[in-house]
Ligand SMILES: Nc1ncnc2c1ncn2[C@@H]1O[C@H](COP(=O)(O)OP(=O)(O)OP(=O)(O)O)[C@@H](O)[C@H]1O
Ligand SMILES: [Mg+2]
């Protein structure tokens, strides 16, 4: 407990004082002893800086799920199916991936995250692992900032320093700039530690990983053993059937494919393409 408090204090001091801490101050490793006590978990959540998203900016970026109803409905239906499937299999880690770029992974991940977070008994994290072309901050409508979660994976900073939370149960980890060599980094033992420490310290019921496109980079296949299941997002008029088929086959060999979402359909809603 003292180690946790000390790591939390360090993260707080770093955020308030600015500047990078020495590598040994990385919170996740110090937090390994954590988990369990409700006080410790609540304290850890409070130590992540809070943000209040602009509903307007989110809507402009097609993120509709802060509140139920209207445009949130198809995402809420998807959320329920995803969550039921994951819970019944005792799965806690979901990767969202697509064959090529711009299919809507980040938008879908953010919608799922806000939708799930309306269930107050769930603790969630959305982690941006598309570090070649990071876009989660923009999708969330955030103003300029310094968050660079890749630094936590590199063991240079505490993870909390590069995270923000919405409310009491949804944490976001993201990057403001591209980071190189992500494929190797994601397979490093330190990155593995960071994810399991976050899971334990924040008592996460579910982690969503926003991945890079899988046909142009090796991150997804290299990271597949760290997740329980995958949602494949295809875009009508962008993704070919051959690409979907290839990705389905590759993913099925290494993890559980939860479903394929056909996004950007002109005449069908999102939920219609899920299955
Ligand atoms: N259903 C949709 N209909 C129309 N536009 C959409 C839809 N979903 C997402 N978009 C838009 O498509 C663009 C790409 O979306 P997004 O960034 O979520 O895709 P991505 O798969 O994460 O892309 P990247 O491969 O660059 O990470 C954004 O401008 C987003 O607002
Ligand atoms: Mg993206």
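The values are calculated or read from the model by the stated rules, or taken from the named source; none is laboratory data. Computed from a prediction, not measured in an experiment: that's the story for all the values here. Cβ placement follows ideal geometry from the backbone for every residue including glycine, while neighbour counts extend to all protein chains displayed.
Here are a few things to note about the model shown:
- Among the residues of the stretch 122-151, those identified as more than 16 Å from ligand 1 (Cβ to nearest atom) and touching a residue at least 40 places away in the same chain (Cβ under 8 Å) are 122, 123, 124, 125, 151.
- The helices (runs of 4 or more DSSP H) found wholly in the stretch 104-188 and carrying at least 1 residues that are away from ligand 2 (no atom under 16 Å from the Cβ) occupy 105-117, 150-153, 182-186.
- For residue 168, the criteria (1) buried (at least 16 other Cβ atoms within 10 Å of the Cβ); (2) touching a residue at least 40 places away in the same chain (Cβ under 8 Å); (3) more than 16 Å from ligand 1 (Cβ to nearest atom) hold in every case but one, which is (1).
- From the list 39, 71, 60, the lone residue that is in contact (Cβ under 8 Å) with a residue 40 or more places away in the chain and either closer than 17 Å to residue 207 by Cβ or surrounded by fewer than 19 Cβ atoms within 10 Å (Cβ to Cβ) (or both) is 60.
- Residues of the stretch 101-124 that are under 19 Å from residue 54 (Cα atoms) and under 15 Å from the mean Cα position of the chain (by Cα): 106, 107, 108, 109, 110, 111, 112, 113, 114, 115, 116, 117.
- For the stretch 84-101, the set of residues classified as surrounded by fewer than 19 Cβ atoms within 10 Å (Cβ to Cβ) and more than 16 Å from ligand 1 (Cβ to nearest atom) consists of 84, 85, 87, 88, 89, 90, 91, 92, listed by residue number.
- The set of residues in the stretch 74-90 being in contact (Cβ under 8 Å) with a residue 60 or more places away in the chain and within 16 Å of residue 113 (Cβ to Cβ) consists of 74, 75, 77, 78, 81, 82, 83, 86.
- Matching residues in the stretch 171-184 - criterion: being buried (at least 19 other Cβ atoms within 10 Å of the Cβ) and within 17 Å of residue 154 (Cβ to Cβ): 173, 174, 175, 182
Residue by residue, here is whether (1) buried (at least 17 other Cβ atoms within 10 Å of the Cβ); (2) at pLDDT 95 or above; (3) assigned to a helix (DSSP H, G or I) holds:
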| residue | (1), (2), (3) |
| --- | --- |
| 239 | yes, yes, no |
| 248 | no, yes, yes |
| 253 | no, yes, yes |
| 266 | no, no, no |
| 272 | no, no, yes |
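- Residue match in the stretch 57-75 (condition: at pLDDT 95 or above, within 16 Å of ligand 2 (Cβ to nearest atom), closer than 19 Å to residue 230 by Cα and part of a loop (DSSP other than H, G, I, E, B)): no
- Matching residues, the stretch 77-103, being closer than 18 Å to residue 63 by Cβ and either within 13 Å of ligand 2 (Cβ to nearest atom) or assigned to a loop (DSSP other than H, G, I, E, B) (or both): 96, 98, 102, 103
- Filter pass, residue 223 being at pLDDT 95 or above, surrounded by 19 or more Cβ atoms within 10 Å (Cβ to Cβ), within 16 Å of ligand 1 (Cβ to nearest atom) and part of a helix (DSSP H, G or I): yes
- Pair list, Cβ under 6 Å, 6 or more apart: the stretch 100-115 residue touching a residue at least 24 places away in the same chain (Cβ under 8 Å) and over 18 Å from residue 71 (Cβ atoms), other residue in a loop (DSSP other than H, G, I, E, B) and within 11 Å of ligand 2 (Cβ to nearest atom): 100/213; 101/213; 105/98
- Of all residues in the stretch 191-203, those being crowded, with 22+ Cβ neighbours inside 10 Å and in a loop (DSSP other than H, G, I, E, B) number 1.
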